[in-house]
Each structure stands twice: as C-alpha cells, then as structure tokens.
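Below is one structure, written out as structure tokens, with a few remarks after it.
Bear in mind these aren't lab numbers, they're just calculated from the coordinates by the rules spelled out. This is a predicted model, so every value here is computed, not measured. So basically every Cβ, Gly included, is an ideal-geometry build from the backbone, and we count neighbours across all protein chains shown.
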C-alpha cells in the first residue's frame, strides 16, 4: 500500500494521519506541522512526487534549497520560517518510516542562513512603500496590509481576524484581542486608537464571514487564500512581515518619544547613550525607558521576551 500503509493514498492525508496518531506533540503544534506539511505536499506534487516512498533525502534537500531561494527573494523575513517548514517534513517522514528517516539539516544540507536577531538595517515598510503596496495588490490584501501594520499582526492572524467583532471590542475597551492564528494559541491584547478603529471599519466592509478569508460564492480555504496572497506578494516585491516591523517601530516612537535604533541609525550596543542624548535624560532613565518599551512591544507582538524586539527595533 502507498504511503507506508498509513491508511491513505493521498500523501497530505497520510502525513496528517501519522501526525495525529504517532506524534507526542500537542494539538497546536500538530496543527502547525500539518499546515507546513501541506506546503511541502504542494511543492512535491508540482515536482511529480505524490507518494511518501518517492520522498528521498535528496528531494527534501532540494525543497530546503527552494525555501532558501524564497528567503533570498524576500518571501520570508528570517530563516526561522524555512527552518520550521523543513522541520515539519523531517517530523512526518521520521514518523512515517518508523524512525528510519535521516534528518535533513537546514544549514549544513540546504544552506538556509542563520537567523540574525539584530539586523543592521530596518526591515520595516515605509509609509510610501506601504501605500504603493496597497495599490499593487487586490483590495482584500490591501486591507490585510493595513491590519498588519496597525496592530502588528502576523499574516495568518490578519487573515483570521474578525474585524467586526474586533471593532465592537475596541469601542468598549480601546483594545482588541488577537487569538485566531496566534503562535502557541496564546491570545493577546493590542491597543486600538481611533485610526485603528477606522482600519477595522474599512476591513469589515468587505468581510462576509467570521474572518478576512473569502466565503460564499468566492469561498476558498485559508491555505488556498494564503497561496494566492503570497503569489501577489512576490509579483509586488512585497513581504508581509515588513508591516509588523513597521508596527513595532511606530509603537516604539509612541512609547519612548524617540526613534528606535534601526530608524535612527544607531548601533545596538551604543543605543542607550544615543537615546539619553536624544531625550536629554540620564542614561539610567533612558535604559529603563528602552527596556520597558521593548517588553511592551514584545508582548503586543505575541512574544514574552525583550530580546525578541531586537529583530524589529535594533
């Protein structure tokens, strides 16, 4: 029987089944792996591979190199996404083969570059490029960009957000709760200004279901919608995560009343002295202000460590 006798002749379904039956990971992690396995199966099908028995180590290395090319083209903002996608393939194949699979390493085998947490140049989309990007993509994706930029949302979070519900919450509390599509299933609250309410109201005008994914006569699954969105992003030379970077940097300026190191062109190590000079305050106060803002921004982005903010702020 095909796919190592797992119970389905369809490679994606077989992978999903083996994850559910044999993986010791929690359901959220399983869901993430299933999502990433689906992407690999689409790549495999496009390259003539439809059964697990045909998935060789060399083929998966080729997939990893494909992910690296996408990384270089700006589809991903860091190497973490390609590494996660490759990890899912390794996990499924290891489970399917009863542990006989030889792991494909992202760096050594595929050349996927190491993640840099403190970039030298800003990755945020400027206001001008943001406006241009909205003109280069469909109306629905333009609204997704606005949601990502306004609330610091990941791509999946912006797709699964319910703008109508979020707007009602914002009117009552001045915040919105982000929970659908978050990493680890961790909900978080993000502040919502009057400008944010306007963004939600505009997005709700084209919302037909409970999220920004098309429904009704134009129904497609989230996975198909994501594929269509990323195809437009490649044509428009756009990376969705750049809007999240813009949120972090704009938020830092709001909280600190000063540009973040990446925006100002300050070196990370000397940022406190520069900030103290900019704000005309003692270095100790500047250090605490910087730390407090980074922690707040990190939480609003769905993280819990100050260090994560370095990738966005410098």
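Pop a pseudo-label 7 angstrom from the Cα along the beta-carbon direction at both residue 10 and residue 287 and give the gap in nm to one decimal.
5.8
Given a Förster distance of 22 angstrom, what is the FRET efficiency for residue 2 paired with residue 69, based on the Cβ-Cβ distance and rounded to 0.05?
Efficiency, rounded to the nearest 0.05: 0.15.
Stokes-Einstein D for the range 243-313 at 37 °C, 0.692 mPa s, Kirkwood Rh over Cα pairs, in µm²/s?
277
Using 0.36 nm per residue, how much length does the chain from residue 80 to residue 268 gain when fully extended, once their Cα-Cα distance is taken away?
That pair, residue 80 and residue 268, stretches by 65.5 nm at full extension.
Any idea what the relative contact order of the range 243-313 is, in percent, if you count C-alpha pairs under 8 Å spaced at least 6 apart?
Rounded, it is 35 percent for the range 243-313.
Using 0.36 nm per residue, how much length does the chain from residue 135 to residue 253 gain when fully extended, once their Cα-Cα distance is taken away?
Once the chain is fully extended between residue 135 and residue 253, it gains 39.8 nm.
Would any residue of the range 153-170 have its amide N under 20 Å from a label point 7 Å out along Cα→Cβ of residue 205? List them or say none.
159, 161-170, by backbone N distance to the label point.
Based on C-alpha coordinates, I'd like the Rg and Dmax of the range 115-224, in Å.
14.5, 46
For the chain, what is the relative contact order in percent, using Cα pairs closer than 8 Å and at least 6 residues apart in sequence?
Relative contact order for the chain comes out at 17 percent.
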